[in-house]
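Written below as structure tokens is the structure these notes are about.
The values are calculated or read from the model by the stated rules, or taken from the named source; none is laboratory data. These numbers were taken from a predicted model, which means no experiment stands behind them. Virtual Cβ from ideal backbone geometry, glycine too; neighbours counted across all protein chains shown. When the accessible area is computed, the model is the full protein with side chains, heavy atoms only, and any ligands, DNA or RNA have been set aside. Shrake-Rupley method; radii C 1.70, N 1.55, O 1.52, S 1.80 Å.
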Amino acid sequence: MKTPNYITSISTVSPLGSAPEEIWKNYQENRHFITKTHFDDEEAFAAFLPKNIREEIRAIGDSENFLKSVDPTVLYSIYVSRKAIDLAEWKKGQNIGINIGSSRGATQLFEKYFQNFLSSGKGDVISSPSTTLGNISSWVAQDLQSRGPDISHSVTCSTGLHAVLNGMAWLRSGMAEKFLAGGAEAALTPFTISQMKAMKIYARADDSYPCRSLDMSKASNTMVLGEGAGVICLERDPSHHIAVIRGVGFATERLKHPVSISANADCLQRSMKMAIGDLPLSEIDAIVMHAPGTIKGDEAELNAVKKLFGDKLPALTSNKWKIGHTFGASGILSLELAILMLQHQEFIPVPFSDISRSPSKLRNILVNAVGFGGNAVSILVNKG
């Protein structure tokens, strides 16, 4: 990519917390943040936001009347967006473009209103405007008083990284001066958990690590859902930044099954190759894998890496064993892990994985995301 884009700040909220120091400390420990809880009458594993942060976010919803009826995905997005623009030293009212997407959208409100409809036979007055996917970026734009474009979208689990692609395109076109891009997900609901269980991909065993992402010897699927949100502030100005996007790649492959990619993840092969560009493969030091903890998903991505890199694999890692799969927010949380590793010059391995070994250096890190529909995004970052 001839013209890099600069990440001037990143802000996330996840089971790891929301403060960068706290998040990094939690990454350095070999413990996970997954618990078993009840969803209606069923038990299931899930990774929730910390209680104190949930209370902070709830206070945002109580602070203004127009926020009392929005879904948690909106509140999570407002929470991280306020922090991100403060860190980037942006001001409210600027020409800031916003693209914050979600795989599932207003899941909690949608299920609530639909249950009410089943009981009463009538829809709530605000059920339609409060459950539309466009709510997320629109309400963030309202909160930041932005004068730029605001877009919400869903590209399943690669939604967050697709938002980054969109932001870069808007900056290059000159139609926005600054861009806020990311994803949010608050889908820890009975119906969503039930959907994942129905596909037989959800974790069931009471292992010390319920999600076995990048454990290539696992005998069963171990995906676990988490919740969270994350945004990055993007600019073309290199004067101050925390990381540089050196390459981006994207691809969609032809599917033979609605919930799985090909055995060698053709879409990820193409997206990684595009993101790397002319850089020698030996210069890629690590990959933050999508690795959802399913047998076929993890194997397909590893096969794609082997097809591209041969016997000389970069260091491989993932964060889903620790915080679960956050759907549309997962790509941004993976990007955050890459940035933290670059900043601290420390690789965070998967503690139980035989293929997750530390590299000799950390300069260029590739971040992958892929979702239902065979869509993949890869982003190459370094410190610049």
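Quick check on my filter: what residues within segment 302-317 are closer than 12 Å to R357 by Cα and in contact with a helix residue (DSSP H, G or I) (Cβ under 9 Å, 6 or more places away or on another chain)?
Step one: of segment 302-317, the residues closer than 12 Å to R357 by Cα are 313-317.
Across segment 302-317, the qualifying residues are L313, P314, L316, T317.
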Go through segment 55-73 and count every residue that is closer than 23 Å to E111 by Cβ and either out of contact with any helix residue (DSSP H, G or I) (no Cβ under 9 Å at 6 or more places or on another chain) or of a type in the set (S, T, Y) (or both).
4
Among the residues of segment 298-330, how many are in contact (Cβ under 8 Å) with a residue 60 or more places away in the chain, in contact with a Ser or Thr (Cβ under 9 Å, 6 or more places away or on another chain) and open to solvent by 20 Å² or more (accessible area, probe 1.4 Å)?
0
Kindly indicate the residue of segment 27-42 that is open to solvent by 90 Å² or more (accessible area, probe 1.4 Å) and modelled with pLDDT under 95 and also nearest to T326 (Cα to Cα) among those meeting that condition.
H38
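From the list I355, I348, exactly one residue is open to solvent by 20 Å² or more (accessible area, probe 1.4 Å), on the phi < 0 side of the Ramachandran plot and touching a residue at least 40 places away in the same chain (Cβ under 8 Å). Which is it?
Numbers: I348 fails: open to solvent by 20 Å² or more (accessible area, probe 1.4 Å).
The conditions single out I355.
Looking only at segment 148-180, which residues are in a helix (DSSP H, G or I), polar (S, T, N, Q), in contact (Cβ under 8 Å) with a residue 40 or more places away in the chain and open to solvent by 20 Å² or more (accessible area, probe 1.4 Å)?
Pass one, segment 148-180, residues in a helix (DSSP H, G or I): 159-173.
With the extra rule that they be polar (S, T, N, Q), the set shrinks to 159, 166, 173.
Imposing the further condition that a residue be in contact (Cβ under 8 Å) with a residue 40 or more places away in the chain reduces the set to 159, 166.
Across segment 148-180, the qualifying residue is only N166.
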Filter segment 1-21 down to residues that are without any contact (Cβ under 8 Å) to a residue 24 or more places away in the chain and either more than 22 Å from T73 (Cα to Cα) or β-branched (V, I, T) (or both) and give me whichever is surrounded by the fewest Cβ atoms within 10 Å (Cβ to Cβ).
K2
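Under 30 Å from A176 (Cα atoms), hydrophobic (A, V, I, L, M, F, W, C) and either assigned to a helix (DSSP H, G or I) or open to solvent by 70 Å² or more (accessible area, probe 1.4 Å) (or both), is that true of V70? Talk me through it step by step, then tell me what you get.
On the way: under 30 Å from A176 (Cα atoms): yes; hydrophobic (A, V, I, L, M, F, W, C): yes; either assigned to a helix (DSSP H, G or I) or open to solvent by 70 Å² or more (accessible area, probe 1.4 Å) (or both): no.
So V70 fails the test.
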Given (1) small (G, A, S); (2) in a loop (DSSP other than H, G, I, E, B); (3) crowded, with 19+ Cβ neighbours inside 10 Å, identify the lone condition not met by A263.
(3)
Of A205, A291, the only residue that is under 30 Å from I34 (Cβ atoms), touching a Leu at 6+ places or on another chain (Cβ under 6 Å), open to solvent by less than 70 Å² (accessible area, probe 1.4 Å) and in a loop (DSSP other than H, G, I, E, B) is A291
Taking the condition open to solvent by less than 10 Å² (accessible area, probe 1.4 Å), outside any loop (DSSP other than H, G, I, E, B) and not acidic (D, E), does G105 pass?
no
Only one of S213, S239, S217 is among the small types (G, A, S), open to solvent by less than 20 Å² (accessible area, probe 1.4 Å) and assigned to a loop (DSSP other than H, G, I, E, B); which?
S213
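Filter segment 97-120 down to residues that are among the charged types (D, E, K, R) and in contact (Cβ under 8 Å) with a residue 60 or more places away in the chain and give me whichever is farthest from S81 (Cα to Cα).
Just the residues of segment 97-120 that are among the charged types (D, E, K, R), to begin with: 104, 111-112.
This time we only want the ones that are in contact (Cβ under 8 Å) with a residue 60 or more places away in the chain, so: 104, 111.
Working: R104: 19, E111: 26 Å.
Taking the candidates together, the pick is E111.
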Single condition I100 does not satisfy, out of (1) assigned to a helix (DSSP H, G or I); (2) surrounded by 23 or more Cβ atoms within 10 Å (Cβ to Cβ)
(1)
